[in-house]
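What follows is a set of notes on a single structure, which appears directly below.
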Amino acid sequence: MTEQNLTIVQAVRDGLYTEMQRDDDVLVMGEDVGKNGGVFRATEGLWDEFGDNRVIDTPLAESGIIGTAVGMAAMGLKPIPEVQFSGFMYPGYDQIISHMSRFRTRTRGRYTLPMVLRAPYGGGIRAPESHSESKEMFYAHEAGLKVVIPSTPYDTKGLLISAIRDPDPVIFLEPKLIYRAFRGDVPEDDYTVPIGEAAVRREGTDVSVFTYGAMTRPTLEAAENLAEEGIDAEVIDMRTISPLDREAIVESFKKTGRAVAVHEAPKNGGLGAEITATVQEEALLYQEAPVKRVAGYDVPYPLYALEDYYLPSVARVEEGIRETVNF
Amino acid sequence: MSVLQRDPQDQVRVLDEDGSVVGDVPDIDDETMVEMYRYMRLARHFDTRAVSLQRQGRMGTYPPLSGQEGAQIGSAVALAEDDWMVPSYREHGAALVRGLPLKQTLLYWMGHEKGNKMPEGANIFPPAVPIASQIPHATGAGWALKLREEADKAVMCYFGDGATSEGDFHEGLNFAGVFDTPNVFFCNNNQWAISVPRERQTASETLAEKAVAYGIDGIQVDGMDPLAVYAVTQAALDKAKNPQEDECRPTLIEAVQYRFGAHTTADDPTVYRDDEEVEKWKAKDPIPRLETFLRETGRLDDESVDAIEASVKEQVADAIDAAESEPRPDPSEMFEYAYAEMTPEVEAQYEEFQALHEKFGDEGFLRE
């Protein structure tokens, strides 16, 4: 298999291209996805390759984009609507919650929605207001949806292809902080990475650190730094936040007895709470210390002059891990 | 007959591209006309400097307004002091007229919330980033004035051509029609919603004609003709505040214009539009148009133009100095303004933050 060295955003594009080549029912739609190739260039060149009926520049209307994609998917197409920033998904929220998540259930499987809603999410790029939030739990809380967040170029393409082939609607959130931060080997052919499976990014024995998306890198950096202090942290990238790979959480926790959750989304009701509940329910007797959550604060995401204070930093993650290990 | 009484497909004009008079010059005193010109020059120079600050890494992403000064200044000058303005994110020129110092506009785009704290007495809502989301607020604000029997004031809402595709546009204008609120909805149709042209937003021939379906008035104006914009806005504001028996209060104004530059500094318009088109619209530049008119009518001369140019440069340079001298906000501000009183949870997180900050200092947080 030929390999290419791609960034995450290039891997998104490659995943779209690969599936559009393979399956004529797959189409991309959204604001500026066509001639402009997407504001982050995630759809670059696709309009030239596949034309106006499969790479569709829409009017500026997220409810329209998501709602019409629901209609297309119900008719058997595989639309991949893009919302330019996750902060602009809310006009389409009614469509996501009232329809996208429920079509299968409501019709007892007569209609299904094989669609993927893509959006870049998260902070750290000195973006304007409403461009930096991490609201993935809005969608994780909604049964009937799958919510995927990759953190490497390889996973991005493989998970995106899985999402497109999945018979159910998938929300695919892309960590824009690391869209171009590094490159990784990505096969040219099609391949899949399964939805709902976490990945162990660093093996360790003292503490399990659960994270995903753009926080994976600072978490790994913290783990490496702490190795010099004699703390051996295991780092697990959840990759899918719904359905959550509870088996991976429990397995790692049984080994270490200590857990830290790291995410940029707010602490209240964040994935850390779900991870904490999982170890309580499944592995209480293995527990050696309280579970620590290193997360965004429960305040509105600040404009960028203060965003570094809001996002979990390497030092904050290290301190959280130390606190848990030294309990 | 009011300037508003015409088909929404007509376009109101006062000055042609060369600055010659082709319509009724509105009744504006000489001083105000020259002030309009000065504001337009100021907005243009500010815009050029802001783009270059972004390029130099001294400011974050910034949405330029060049080409749109005629619409922004012409409309904002028509507002009375106690009228209200509900802007989108590109209205730095209009906000300036309404009393928002340039320093604050810079601070906002430099990532300081303080930029959004409008000075006392400046009746401006914070700019709305999500497209069209401010339109229902403007209707609500106008409705509030009416409910409190203060409809001798009006609320002006700014938005772009792309916004007319959003549900909030429909809902905001529909409420305005139903409750007959004292509103002016000012659509800056600059032809492009990032890369998507106006023709792809709607199959309607004009945006102004959308007003018809809400039972309100719609009018199209040459948005690069500041005098025409002033005339139309003034008439719409008058009607909002003092409607005749057969008149509705709200008006949708479509100001036809062009954004000379990128959507934001993160955008590259050469990918999606031709130089030829840009040049065609640059011939309509509102600034030389008004300058020609003012010179030919004896309101401006070389000396006054030079003086304006010098004062504009100084004012922008001072604003940049002031904004760049502003220290980074204290991180405590993140926690202080979320609620009137910190909730116990926020307080606990604030304490945890303070302990970490004390232990690690800024180095524990700030990235390269």
Exercise for review: Cross-chain or 8 or more residues apart, Cα under 18 Å: how many lysine pairs in chain A fit that? Count them up, please.
Suggested key: 10
Exercise for review: Quick one: grab Rg to one decimal and Dmax as a whole number for chain A, Cα atoms only, in Å.
Suggested key: 19.5, 59
Review point. For the stretch A:3-187, what is the percent of antiparallel DSSP beta bridges, rounded to the nearest 5?
Key: 20
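Please give the length that would be gained between B:R367 and B:E205 if that part of the chain were fully extended, namely 0.36 nm times their separation in residues minus their C-alpha to C-alpha distance (nm, one decimal).
On the way: separation 162, 0.36 × 162 = 58.32 nm, distance 4.97 nm.
Working it through step by step, the gained length comes to 53.4 nm.
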Practice item. Could you work out how far apart the two model spin labels at B:D330 and B:E17 are, taking each label as a point 7 Å from the Cα in the direction of the beta carbon, and quote it in nm? Key: 5.7
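Taking a quarter of the surface of the Cα convex hull of the stretch B:195-292, what do you get in nm²?
On the way: hull surface 32.9 nm².
Computed as one quarter of the Cα hull surface, the answer is 8.2 nm².
Note down the magnitude of the dipole of the stretch A:3-187 about its Cα centre, charges +1 on Lys and Arg C-beta and -1 on Asp and Glu C-beta and zero elsewhere, to the nearest 20 debye.
Numbers: 20 positive and 25 negative charges, 98 e Å.
So the dipole magnitude of the stretch A:3-187 works out to roughly 480 debye.
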Practice item. Express as a percent, rounded to the nearest 5, the fraction of DSSP beta bridges in the stretch B:11-325 (both residues included) that run antiparallel. Key: 10
Point to revise | Gap separating the Cα centres of the stretch A:34-94 and the stretch B:294-368, nearest whole Å | key: 36
Check your understanding: Check A:V209: other-chain or 5+ apart residues with amide H under 5 Å from its amide H, H built from backbone geometry?
Key -> A:E234, A:V235, A:I236, A:V260
Exercise for review: Specify the inter-centroid distance of the stretch B:15-60 and the stretch B:166-215, based on alpha-carbon positions, in whole Å.
Suggested key: 25
Check your understanding: In degrees, nearest 10, range 0 to 90: what is the angle between the Cα axis of helix A:153-165 and the longest Cα principal axis of chain A?
Key -> 50
Review point. Hey, what number do you get for the protein assembly as shown at 222 nm if only DSSP H runs of n ≥ 4 count, each worth -39500 (n - 2.57), divided across all residues, to the nearest 500?
Key: -12000 deg cm²/dmol
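With a 10 Å Cβ neighbour count serving as the proxy for reagent exposure, in which order, fewest first, do B:M118, A:M238, B:M334, A:M75 appear? Kindly include the intermediate steps, with their values, before the conclusion.
Numbers: B:M118 17, A:M238 27, B:M334 24, A:M75 10.
Result, fewest neighbours first: A:M75, B:M118, B:M334, A:M238.
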Review point. What size of dipole, in debye to the nearest 20, comes out for chain B about its Cα centre when the only charges are +1 on Lys and Arg C-beta atoms and -1 on Asp and Glu C-beta atoms?
Key: 460
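Name the shape class, rounded, prolate or oblate, that the alpha-carbon gyration tensor gives for the protein assembly as shown, where a ≥ b ≥ c are the square roots of its eigenvalues, rounded holds for a/c under 1.5, and otherwise prolate holds if a/b is larger than b/c and oblate otherwise.
On the way: a/c = 2.06, a/b = 1.67, b/c = 1.23.
Judged from the Cα gyration tensor, the protein assembly as shown comes out prolate (a/c at least 1.5, a/b above b/c).
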Study note, to complete from the structure: Taking GluC sites (Glu not before Pro) as exposed when in a DSSP loop with at most 11 other Cβ atoms inside 10 Å, chain A has its longest clean stretch at A:1-227
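Length gain on complete extension for the stretch A:N53 to A:D232, per 0.36 nm per residue less the alpha carbon to alpha carbon distance?
Numbers: separation 179, 0.36 × 179 = 64.44 nm, distance 5.24 nm.
My answer for the length gained is 59.2 nm.
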Point to revise | chain A: angle of helix A:8-22 to the longest principal axis, Cα-based, in degrees nearest 10 | key: 40
Revision key, fill the gap. In the stretch A:3-187, taking the dipole from +1 charges on Lys and Arg beta carbons and -1 charges on Asp and Glu beta carbons about the Cα centre, the listed residue (A:G38, A:I56, A:V147) farthest towards the positive end is A:V147
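Per residue of A:305-317, count partner chain C-beta atoms within 10 Å of its C-beta, then hand back the mean as an integer. List each step's numbers first, then the result.
On the way: counts 14, 11, 4, 7, 15, 4, 2, 1, 7, 4, 7, 6, 0.
Neighbouring Cβ atoms belonging to other protein chains average 6 per residue here.
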Review point. Going by alpha carbons, how many degrees (0 to 90, nearest 10) lie between the helix axis of A:271-283 and the longest principal axis of chain A?
Key: 60
Exercise for review: Could you calculate the FRET efficiency of B:R6 with A:H141 from 1/(1 + (r/R0)^6), where r is the beta carbon distance between them and R0 is 56 Å, rounded to 0.05?
Suggested key: 0.60
Exercise for review: Across the stretch B:11-325, how many lysine pairs, 8 or more positions apart or on different chains, have C-alpha atoms separated by under 25 Å? Please give the number.
Suggested key: 16
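As a footprinting exposure proxy, order B:C157, B:C187, B:C248 by other Cβ within 10 Å, with the fewest listed first.
Values: B:C157 32, B:C187 28, B:C248 18.
With the sparsest Cβ surroundings first, the list reads B:C248, B:C187, B:C157.
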Check your understanding: In the stretch A:199-325, with Lys and Arg counted as +1 and Asp and Glu as -1 at Cβ, which of these residues, A:V325, A:V299, A:V314, has the Cα nearest the positive end of the dipole, that is, farthest along it?
Key -> A:V299
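What is the antiparallel percent of DSSP beta bridges lying wholly in the protein assembly as shown, to the nearest 5? Write out the running numbers ahead of the final one.
Working: 12 of 67 bridges.
Bridges in the protein assembly as shown are about 20 percent antiparallel.
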Review point. If you rank A:Y179, A:Y286 by fewest surrounding Cβ atoms within 10 Å, what's the result?
Key: A:Y286, A:Y179
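Viscosity 1.002 mPa s, temperature 20 °C: what is the translational diffusion coefficient of the stretch B:11-325 from Stokes-Einstein with a Kirkwood Rh over Cα pairs, rounded to a whole number of µm²/s?
Values: Rh = 19.5 Å.
D = 110 µm²/s.
Coordinate-derived values only; no laboratory data. From a predicted model like this one, the values you see are computed outputs, not experimental measurements. We place every Cβ from the backbone using ideal geometry, glycine too, and count neighbours over all the protein chains shown.
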